[in-house]
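Quick note: the coordinates plus some simple rules give every number you see, no bench work behind them. Everything numeric in this text was worked out from a predicted model, so none of it was measured. Methodologically, a virtual Cβ is constructed for each residue, glycine included, from the backbone with ideal geometry; neighbour enumeration extends over all protein chains shown.
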Amino acid sequence: MPHNNKRDVLWKRLMSLVSDKEGFRSMLFDLNFIMNKPLGIEFENVNQWLEQAHDHINNLFEISLTDKIKKTFNHAS
């Protein structure tokens, strides 16, 4: 998913994994926000970029969760 005129890319991957426990499913949901262009920002703006990257990852994670999985996470905590 390109962001900021294709300077940044939000990369996502969902994979099924072999579970250690019988009757359970294991999944890998991997999210990465990368700068696609070398020297895309000034050094002074690195903290702002990191905050934006973190926000993009959190937003994608939140909208990816179904109600069923949210209930599972709430039950486990």
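Each Lys or Arg adds one and each Asp or Glu takes one away; over the other residues whose Cβ falls under 14 Å from the Cβ of Leu60, this sums to -2.
With a Förster radius of 30 Å applied to the beta-carbon distance between Gln48 and Phe24, the computed FRET efficiency rounds to 0.15. Straight Cα distances below 22 angstrom link Lys71 to the lysines Lys21, with same-chain residues fewer than 8 positions distant left out.
Excluding same-chain neighbours fewer than eight residues apart, the lysines reachable from Lys6 by a Cα-Cα span under 28 Å are Lys37.
Rounded to the nearest 10 degrees, the angle from helix 46-64 to the longest Cα principal axis of the chain is 30 degrees.
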